[in-house]
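Take a look at the structure below.
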Amino acid sequence: MKRIIIIGAGPGGYETAVAAAKKGHEVVIISDGPVGGTCLNEGCIPTKALCRNAEVMETLSRASVFGVDIPSYSCDFSKVQSRKEEVVAQLRSGVEFLLRNKNITLVYGKASFKDSHCVKVSSEDPDVDGKEYEGDAVIIACGSYSATLPIPGNDLPGVISSREILKLEEVPGTLCVIGAGVIGLEFASIFKSFGSDVKVVEFCKDILPRFDTDLAKRLKQALSKRGIEIETSAGVQSIEQTADGKLKVTYSKKDKLNEIVADKVLMAVGRRPAVKAVNLDDIGVEYTPKGVVVDANMRTNVPGVYAIGDICGGMMLAHVATFQGYRALADIDGEDCNIDLSVVPAAVFTYPEAAVVGLSEDDCKNAQISAKCAKSMFRANGKALSMDEPEGFCKLVYYSGEPDGKYVDGQILGCHLFGAHAADLVQEIAALITRKATVSQFKDIIHAHPTLGEVVMNAAHSI
């Protein structure tokens, strides 16, 4: 058995630590902050707690559709925030419990490399400060940080990040969101449900630039119908404070300057790998501004040193970090690993939801892959109509051509979902893509009726 040092206790770090301990390895995991990392403490989990509150608000707003008369209701934001903190605290204690393993030593402090197999810890705890830990392998899982635009006024009071918006004590009357990626749109959707007047400014020509074009357009329409104003192809130039304490966002569109005045401005222009969180230069680990350079097994250029999760760049998702950790652990043990890191489902928890996995129609065109698409609509689904959730569609992308050694005719390449519970529905297609299933094979799978899963099934049957 080996001794493994893990720097970072986010999902990638702590899940890998638990998996390694189960295999009998001795693990030292060093956390510069609460366990759970960005995902648990200031990302996925608190945001999804707010999403649920927002969903309840949306249901109440149309209660009359279900024959329920609610004369009035309001949002107690302090209780919303308290509930969110309770969810985070419960899950954090669960992670701490998992790490109370005889094979795991949890150390709180900031790690730095003494050499490629020895890590020193700086800590406010005198019993920990200065301690050194040696290992057969080191896994770097330091995560990422919120990016910001290099524009005048980006540091003004009221210009906040995704971390700070989670700590607001009251719902802003007006909110300007800079960036229409996943983070920006989720918060735009949440705070619209809470009662904010929300405006979104995006530099690219479409929202969700990396998503399927059809999906992005439909989601933009749905959000616009809810009253969220979205300006695309708009470049933010500056942020200024007005005489009455508000914030004026100036952006250019079609060579014309425009302004948005808001109480708060959310800077949601992506995240950057935290390559400076640990002294990589001192041991010669190769990295770029896009992240630490690793191979398919998460090995860096320094023998025995691995990197996983957001610090590697690419798809900055908690589940990606976890499975990259499993892949690194398999390599440490000299085992084969069948995890396919090219098949990664991703979701946007707006209202309605969106989710994707695999290749898009545009991906196939750019790669000259012979592909066709099939669609089905939520409005034709009995469960969706019963839920009063008719908005949405499923788009299946499949190979259409002669077998070429990589694909066979009808092989499922991708799925793009927009509508209720899209994040849950996409997982079925992730499994099928991983197993290289065809549309014909998918058609043979019986789906329960009435369920939203039939939306996906009907896309296949439409071929």
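Ranked highest first by average number of other Cβ atoms within 10 Å, how do 363-375, 345-357, 121-133, 225-237 line up? Numbers along the way, then the final one.
Numbers: 363-375: 14.5, 345-357: 23.6, 121-133: 12.8, 225-237: 16.6.
With the highest mean Cβ count within 10 Å placed first, the list reads 345-357, 225-237, 363-375, 121-133.
Compute the Cα gyration tensor for region 263-316, then decide on rounded, prolate or oblate, letting a ≥ b ≥ c be the square roots of its eigenvalues: rounded whenever a/c is under 1.5, prolate when a/b is larger than b/c in the other cases, and oblate in all that remain.
Working: a/c = 3.65, a/b = 2.11, b/c = 1.73.
Since a/c reaches 1.5 and a/b is larger than b/c, the shape of region 263-316 is classed as prolate.
Averaged per residue, what accessible surface does region 350-417 expose to a 1.4 Å probe, in Å²?
Numbers: 3030 Å² over 68 residues.
Accessible area per residue, region 350-417: 45 Å².
Taking Cα centroids, how far is region 173-223 from region 43-95 in Å?
Answer, in whole Å: 20.
Only Lys, Arg, Asp and Glu count, each charged at its Cβ (+1, +1, -1, -1), so figure out the dipole size of region 294-352 about its Cα centre, rounded to 20 debye.
Around 200 debye, computed over region 294-352.
With the cut-off at 1.5 for a/c, could you classify region 169-273 from its C-alpha gyration tensor as rounded, prolate or oblate? Don't skip to the end; give the middle numbers.
Details: a/c = 1.64, a/b = 1.24, b/c = 1.32.
It comes out oblate by the Cα gyration axes.
Counting only protein heavy atoms, what percent of the accessible surface of region 1-114 is carbon or sulfur at a 1.4 Å probe? Show your work: numbers first, answer last.
Numbers: 2990 of 5630 Å².
Heavy-atom surface of region 1-114 belonging to carbon and sulfur, 1.4 Å probe: 53 percent.
Assign one of three labels to region 30-189, namely rounded, prolate or oblate, based on the Cα gyration tensor with a ≥ b ≥ c the square roots of its eigenvalues; rounded applies when a/c is under 1.5, prolate when it is not and a/b is larger than b/c, and oblate otherwise.
On the way: a/c = 3.00, a/b = 1.86, b/c = 1.61.
Prolate, because a/c is 1.5 or more and a/b exceeds b/c.
If I take R0 = 41 Å and measure r between the Cβ atoms of Asp244 and Phe97 in this structure, what FRET efficiency does the formula 1/(1 + (r/R0)^6) give, to the nearest 0.05? All intermediate terms of the calculation are to be shown ahead of the outcome.
Numbers: r = 49 Å, r/R0 = 1.20.
For Asp244 and Phe97, the calculated efficiency is 0.25.
Please sort through the DSSP H helices of the chain and keep those with an alpha-carbon extent of at least 15 Å along the long axis and a Kyte-Doolittle average not below 0.0.
Values: long enough: 11-22 (16 Å, -0.03); 44-61 (25 Å, 0.23); 77-98 (32 Å, -0.24); 182-194 (18 Å, 1.37); 213-225 (18 Å, -0.75); 318-332 (21 Å, 0.36); 422-434 (18 Å, 1.29).
The answer, listed by residue number, is 44-61, 182-194, 318-332, 422-434.
For the chain, which cysteines have no second Cys with its Cβ under 4.7 Å from theirs?
Singleton cysteines: Cys51, Cys75, Cys118, Cys142, Cys176, Cys204, Cys312, Cys337, Cys364, Cys373, Cys394, Cys415.
Once the dipole of the chain is set up with Lys and Arg at +1 and Asp and Glu at -1 on Cβ about the Cα centre, which of Phe323, Leu166, Cys364 lies farthest towards its positive end?
Cys364
Return the label of the correct value of P(r) over Cα pairs in 20 Å bins from 0, in percent, as calculated from the structure shown, out of [x] 27, 59, 15, 0; [y] 22, 56, 21, 1; [z] 22, 52, 25, 1.
The value computed from this structure is option [z].
If I stretch the segment between Ser122 and Ser342 completely, what's the gain in nm (0.36 nm per residue apart, minus their alpha carbon distance), one decimal?
Values: separation 220, 0.36 × 220 = 79.20 nm, distance 3.69 nm.
Value of the extension gain: 75.5 nm.
Once you charge only the Cβ atoms, +1 for Lys and Arg and -1 for Asp and Glu, what is the size of the charge dipole of the chain about its Cα centre, to the nearest 20 debye?
On the way: 50 positive and 60 negative charges, 145 e Å.
Charge dipole of the chain: 700 debye, to the nearest 20.
Any chance you could list P(r) for region 277-368, counting all Cα-Cα pairs in 10 angstrom bins from zero, rounded to whole %?
Spelled out bin by bin, region 277-368 gives 14, 38, 32, 14, 2 percent.
Separation of region 1-40 and region 241-274 by C-alpha centroid, Å?
Going from one Cα centre to the other spans 39 Å.
Determine the relative contact order of the chain: mean sequence separation of Cα pairs under 8 Å and six or more apart, normalised by residue count, in whole percent. Don't skip to the answer; put the middle values down first.
On the way: 994 pairs, mean separation 62.9, N = 463.
It comes to 14 percent, rounded to a whole number.
Where the centroid of each part is defined by its Cα atoms, how far is region 318-369 from region 379-443 in Å?
Cα centroid to Cα centroid, the span is 16 Å.
Could you sort the peptides 36-49, 447-460 by per-residue average Cβ neighbour count (10 Å cutoff), highest mean leading? Show your work: numbers first, answer last.
Values: 36-49: 22.1, 447-460: 18.7.
Taking the mean over residues of other Cβ atoms within 10 Å, the ranking is 36-49, 447-460.
Might you report the magnitude of the Cβ-based charge dipole of region 164-235 about its Cα centre, with Lys and Arg at +1 and Asp and Glu at -1, to the nearest 20 debye?
On the way: 10 positive and 11 negative charges, 58 e Å.
Roughly 280 debye, rounded to the nearest 20.
Could you give the nm distance between label points at Gln90 and Val261, where each point is 7 Å from its Cα heading toward the beta carbon?
With each label point 7 Å from Cα toward Cβ, the separation is 4.3 nm.
The values are calculated or read from the model by the stated rules, or taken from the named source; none is laboratory data. From a predicted model like this one, the values you see are computed outputs, not experimental measurements. A quick note on method: Cβ atoms are made from the backbone with ideal geometry, for glycine too, and the neighbour counts reach across all protein chains shown. Calculation scope for accessible area: heavy atoms of the full protein, side chains included, ligands and nucleic acids excluded. Shrake-Rupley method; radii C 1.70, N 1.55, O 1.52, S 1.80 Å.
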